[in-house]
Amino acid sequence: MEKIKLELYTDYLICNNGFATATGLSAMMEGGISHDQMTRFLASKAFTSKDLWSQVKATVRQIER
């Protein structure tokens, strides 16, 4: 489930044109994941830019082509 949350959040960051918030993600998912669930997940680890890059690298490379 944690991997799904990370993938969901990185997809949200890619497609969001404004401020990215856990509340915004919850609204986009029509309550499928709560603001509190995402906030707890993001606070559970000190995520780095390396973590984000490992999630989005394939998508970025595909777009570059």
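The values are calculated or read from the model by the stated rules, or taken from the named source; none is laboratory data. Everything quoted here is computed from the prediction, not taken from an experiment. Here the Cβ is made from the backbone with ideal geometry for all residues, glycine too, and neighbour counts use every protein chain on show. Keep in mind that these areas ignore ligands, DNA and RNA; they rest on the heavy atoms of the full protein, side chains included. Shrake-Rupley method; radii C 1.70, N 1.55, O 1.52, S 1.80 Å.
In this view, the solvent-accessible surface of residue 5, computed with a 1.4 Å probe and all protein chains in place, comes to about 20 Å². Rounded to the nearest whole angstrom, the semi-axes of the ellipsoid equivalent to the chain, taken from the Cα gyration tensor as √(5λ), stand at 21, 15, 10, largest first. Tell me which GluC sites (Glu not before Pro) from the chain have a DSSP coil assignment and no more than 12 other beta carbons within 10 Å of their own. When the GluC sites (Glu not before Pro) of the chain are filtered for loop state and at most 12 Cβ neighbours within 10 Å, 30 remain. Put +1 on the Cβ of every Lys and Arg and -1 on every Asp and Glu Cβ in the chain; which of 4, 22, 46 then has its Cα farthest towards the positive end of the dipole? It is 46. Taking loop as defined by DSSP and a crowding limit of 13 other beta carbons within 10 Å, which chymotrypsin sites (Phe, Trp or Tyr not before Pro) in segment 1-47 fit? Those that pass, being in a loop and sparsely packed, are 19.
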